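Only one structure is covered here, and it is reproduced in the block below.
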Amino acid sequence: MTLSFRDLKALGPSLRAEAARILRDALAHLPSAYGAPGAAEAEVAGRCSEDDWLGVAALRDGALVGWIGAIKTYDAGWEIHPLVVAPSHQHRGVGSALLAHLEARARGDGVLTLFLGSDDDYGGTNLFGQPLFPDVLAHAATVEATLRGHALTFYRKHGYRIVGLLPDVNGVGRPDILMAKSLASVR
Ligand SMILES: CC(C)(COP(=O)(O)OP(=O)(O)OC[C@H]1O[C@@H](n2cnc3c(N)ncnc32)[C@H](O)[C@@H]1OP(=O)(O)O)[C@@H](O)C(=O)NCCC(=O)NCCS
């Protein structure tokens, strides 16, 4: 069955509740994520009330299987936040399809750069536990996923590059990894 895409803000209460459940379950490996009671529901409700945020839901056979959001931070630069696929539907192309859908939408709106932060507060990369100051950019050039796996592998496959690190923003040795992709057709 093929995927269909819908505006997340237009979903009814039960599918919005499902979006919150997917957010919590997909990011359960991140200690800083949405594990607290009501946190995922508050994130979905809050984002849906923001004018500068858009969300796209992917449905298969009427069931929500993943969703992607973007914050319109700059005139020509949007931040992807978040991208989550239900654990039982991962590694079946849903995340790639959502990303392609958002990229097409962004291109259509004149966006030149998409960017995101992908935390490592669980040991998914070689940066975990490392002091990254003072030469932060030297560390940025060495980033690799560990055997635990990290979403940066997924984004790299789709043309995103590491453009920076925010050391210790999730606690000592727990950085955010900044990635970006050019949507400009000629460079
Ligand atoms: C990252 C995520 C959105 C990818 O969606 P998906 O539907 O599973 O991805 P796709 O099936 O389209 O693409 C799969 C490919 O991307 C890579 N990939 C996907 N998820 C990955 C992960 N967590 N770690 C490492 N590589 C991953 C793999 O190379 C995979 O290929 P494979 O299936 O042959 O192993 C999804 O796994 C997810 O929701 N993860 C948890 C939440 C998360 O980390 N979100 C990103 C936060 S910035």
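The values are calculated or read from the model by the stated rules, or taken from the named source; none is laboratory data. Just so it is clear, the model here is predicted, and its values are computed rather than measured. Don't worry about glycine lacking a Cβ; one is built from the backbone with ideal geometry, like all the others, and counts go over all protein chains shown.
Quick notes on this structure:
- Some residue of segment 42-55 being within 15 Å of the ligand (Cβ to nearest atom), under 28 Å from Ala17 (Cα atoms) and of a type in the set (D, E, K, R): yes
- Residue match in segment 54-64 (condition: at negative phi and of a type in the set (Asp, Glu)): no
- Qualifying residue in segment 62-73 (condition: of a type outside the set (S, T, N, Q), outside the structural domain of His150 (by TED's automatic domain parsing), at pLDDT below 95 and surrounded by fewer than 16 Cβ atoms within 10 Å (Cβ to Cβ)): yes
- Segment 142-169 residues that are within 17 Å of Leu102 (Cβ to Cβ), paired with ones that are within 13 Å of the ligand (Cβ to nearest atom) and in a loop (DSSP other than H, G, I, E, B) (beta carbon under 9 Å, 6 or more apart): Ala151/Gly124; Phe154/Tyr160
- Residue selected from segment 162-187 under the condition closer than 20 Å to Ala104 by Cβ and charged (D, E, K, R), by the criterion modelled with the highest pLDDT: Lys181
- For segment 76-91, the tally of residues that are surrounded by fewer than 14 Cβ atoms within 10 Å (Cβ to Cβ) and either near the ligand (Cβ under 8 Å from one of its atoms) or touching a residue at least 60 places away in the same chain (Cβ under 8 Å) (or both) stands at 2.
- Verdict on Leu27 being touching a Lys or Arg at 6+ places or on another chain (Cβ under 7 Å), at negative phi and of a type outside the set (D, E, K, R): no
- Answer residue from segment 1-16, given it is outside any loop (DSSP other than H, G, I, E, B) and without any contact (Cβ under 8 Å) to a residue 12 or more places away in the chain and is nearest to Ala97 (Cα to Cα) among those: Ala10
- Every test in (1) surrounded by 12 or more Cβ atoms within 10 Å (Cβ to Cβ); (2) more than 26 Å from Lys72 (Cβ to Cβ) is passed by Leu183 save one, and that test is (2).
- The single condition among (1) assigned to a strand (DSSP E or B); (2) buried (at least 21 other Cβ atoms within 10 Å of the Cβ) that Ala19 does not meet is (1).
- Selection count, segment 110-143, where residues are under 22 Å from Glu79 (Cα atoms) and either more than 22 Å from the chain's Cα centre (by Cα) or loosely packed, with under 14 Cβ neighbours inside 10 Å (or both): 4
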